[in-house]
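Single-structure report; data block below.
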Ligand code: FAD
Ligand code: NAI
């Protein structure tokens, strides 16, 4: 007999697995289908984020930062090392173990919440009375029936035209996380989030890293003052970034990879590297979904078309995460997953797109929420800005990490916080206070009046809020 579910989720990345758990919590009979396997053929739920994205990249960023500290900063603390070495094989094995713990954690959560998991590819078979038939192709082939379907099939790396990823020399995020030895020369195409994070990992371990960026400027989506500071710091760290490049050819062979491009002045240049990471953005992933069978609308970018509530063109078919419009972030996917599950259960799920934080896990970290100064200026809105440097923060000095600042932008009249931008130590953690404040539509003065523990990096947040009113206490 056909198994029938209230909700079938296709994809177990952060959008899908969280949607499935929330739906099950709300009493809906839920299944989740995911096709990812690990190198032993076992299920590897968690999607891009867990397997080849957020989690493994942060594991390698941590390992390489530890190495960098040992090489360059331990001596300041009076710690000397006779022989410092990096065992890349062990570093990669640790990363794989971190990934596996997350895969297993999700399988455990499915069991705990009574979500039925199918390991295989899910695709639309046909619409039927009261729902849809979904074909599962995996270890066992079967067809299941769903009253509601949530598409959470994620995204995949974009390749340069005519230059497919071989994951040996021309690498996507997948290959970039599995380089077996520190390359002498590493090329990176694209100075976006992946380029900066993965470029940082291999630079810290000793690679000579050159980043080729098509745009004439650095990090155009980031607040200009943060982007300016970041470029200064990354260049000092040894990342070579060239702007305004136009790549005309990429040749890969035994000797490595040769990239031919014109530089910002229009002169032809070549870059010879051992490995080339191509990180020029990601495309929504709908291949294999058989969307045509049911007439699910897909746009020109390959994204599933949804409205503000993640409803697709078909009744009771929803889509969340990287496969739809909006930022490609794990926490955005999760929020949409929860909201959709709640809407299916008759509740009023909500996602506030204005308070989704961004974090880039370089060193120093970069994090922000809300509008940038250039966006506020473009709107013509009157605003006040306040900034506080980590150089003047006692905890940052004790940590030995005083690069960067916290910057507040607030409405000139009401003092409502419009945006907070941080470049500095633990920016990923510090940004949460700003997210909470903006969610409650707080003013800069609200933050300035709150008691912050001393000595802590969060005091820089309070001081930046005080700076909006030109009354910092420690600077
Ligand atoms: P995905 O995580 O892509 O999951 C989709 C899942 O669906 C996959 O397991 C896929 O195999 C499966 N699937 C697809 N089609 C089918 C089908 N037909 N049947 C069955 N299964 C199917 N975001 C952050 O917020 N913070 C970070 O630090 C961060 N770091 C990143 C680092 C890297 C290197 C990369 C590449 C991305 C990073 N991201 C980060 C982005 C984040 O990974 C994505 O935004 C997030 O994974 C999107 O979640 P999702 O559930 O929409 O899709
Ligand atoms: P990205 O969109 O962040 O950056 C791509 C960069 O490549 C841009 O600067 C773009 O101008 C440049 N580019 C595009 N085509 C080019 C070409 N032909 N030649 C040279 N440069 C070119 O994309 P990226 O880094 O691939 O990451 C994809 C997404 O994954 C991110 O947008 C983000 O949503 C997510 N991600 C999030 C992370 C985080 O939250 N910390 C970490 C890593 C990825």
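The values are calculated or read from the model by the stated rules, or taken from the named source; none is laboratory data. Note that the structure is predicted; figures quoted are calculated from it, not measured. Note that we place each Cβ from the backbone using ideal geometry, even for glycine, and neighbour counts take in every protein chain shown.
One table, with the values for the structure above:
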quantity	calculated
Sole exception among (1) touching a helix residue (DSSP H, G or I) at 6+ places or on another chain (Cβ under 6 Å); (2) more than 11 Å from ligand 1 (Cβ to nearest atom) for residue 71, by number	(1)
Residue list for segment 263-321, filter: part of a loop (DSSP other than H, G, I, E, B), within 16 Å of ligand 2 (Cβ to nearest atom) and in contact (Cβ under 8 Å) with a residue 40 or more places away in the chain	264, 279, 280, 281, 285, 320
Residue count for segment 179-226, restricted to those that are free of Cβ contacts under 8 Å to residues at least 12 places away in the same chain and buried (at least 23 other Cβ atoms within 10 Å of the Cβ)	0
Any hit, segment 160-183, residues being part of a strand (DSSP E or B), away from ligand 2 (no atom under 16 Å from the Cβ) and within 28 Å of residue 119 (Cα to Cα)	no
Enumerated strands (runs of 3 or more DSSP E) restricted to segment 329-418, each holding at least 3 residues that are closer than 25 Å to residue 475 by Cβ	365-370, 383-389, 405-411
Residue check, residue 225 touching a strand residue (DSSP E or B) at 6+ places or on another chain (Cβ under 7 Å), within 14 Å of ligand 2 (Cβ to nearest atom) and more than 25 Å from residue 174 (Cβ to Cβ)	no
Filter pass, residue 290 being within 16 Å of ligand 1 (Cβ to nearest atom), at pLDDT 95 or above, over 23 Å from the mean Cα position of the chain (by Cα) and farther than 30 Å from residue 424 by Cα	yes
Out of 356, 360, sole residue that is surrounded by fewer than 19 Cβ atoms within 10 Å (Cβ to Cβ) and either within 14 Å of ligand 1 (Cβ to nearest atom) or not assigned by TED's automatic domain parsing to the domain that holds residue 427 (or both)	356
Output for segment 28-43, where each listed residue is in a loop (DSSP other than H, G, I, E, B) and within 13 Å of residue 116 (Cα to Cα)	28, 29
Residue, surrounded by the fewest Cβ atoms within 10 Å (Cβ to Cβ), within segment 424-474, restricted to residues that are farther than 22 Å from residue 366 by Cα and in contact (Cβ under 8 Å) with a residue 40 or more places away in the chain	470
Exclusive hit being outside the structural domain of residue 334 (by TED's automatic domain parsing), closer than 21 Å to residue 331 by Cα and touching a strand residue (DSSP E or B) at 6+ places or on another chain (Cβ under 8 Å), set 404, 386, 424, 370	370
Selection count, segment 22-39, where residues are surrounded by fewer than 17 Cβ atoms within 10 Å (Cβ to Cβ) and closer than 13 Å to residue 139 by Cβ	1
Flag for residue 346 being free of Cβ contacts under 8 Å to residues at least 60 places away in the same chain and within 16 Å of ligand 2 (Cβ to nearest atom)	no
Complete set of residues in segment 40-55 that are more than 16 Å from ligand 2 (Cβ to nearest atom) and buried (at least 24 other Cβ atoms within 10 Å of the Cβ)	44, 45
Residues that are more than 11 Å from ligand 1 (Cβ to nearest atom) and within 17 Å of residue 122 (Cα to Cα), drawn from segment 21-40	30, 31
Selection status of residue 71, surrounded by fewer than 20 Cβ atoms within 10 Å (Cβ to Cβ), at pLDDT 95 or above and within 19 Å of residue 13 (Cα to Cα)	no
Boolean, residue 49 is assigned to a strand (DSSP E or B) and either touching a helix residue (DSSP H, G or I) at 6+ places or on another chain (Cβ under 6 Å) or outside the structural domain of residue 183 (by TED's automatic domain parsing) (or both)	no
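Table: residues versus (1) more than 20 Å from residue 178 (Cβ to Cβ); (2) in a helix (DSSP H, G or I); (3) outside the structural domain of residue 178 (by TED's automatic domain parsing).
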| site | (1), (2), (3) |
| --- | --- |
| 56 | no, yes, yes |
| 61 | no, yes, yes |
| 68 | yes, yes, yes |
| 80 | yes, no, yes |
| 96 | no, yes, yes |
| 119 | yes, no, yes |
| 140 | yes, no, yes |
| 143 | yes, no, yes |
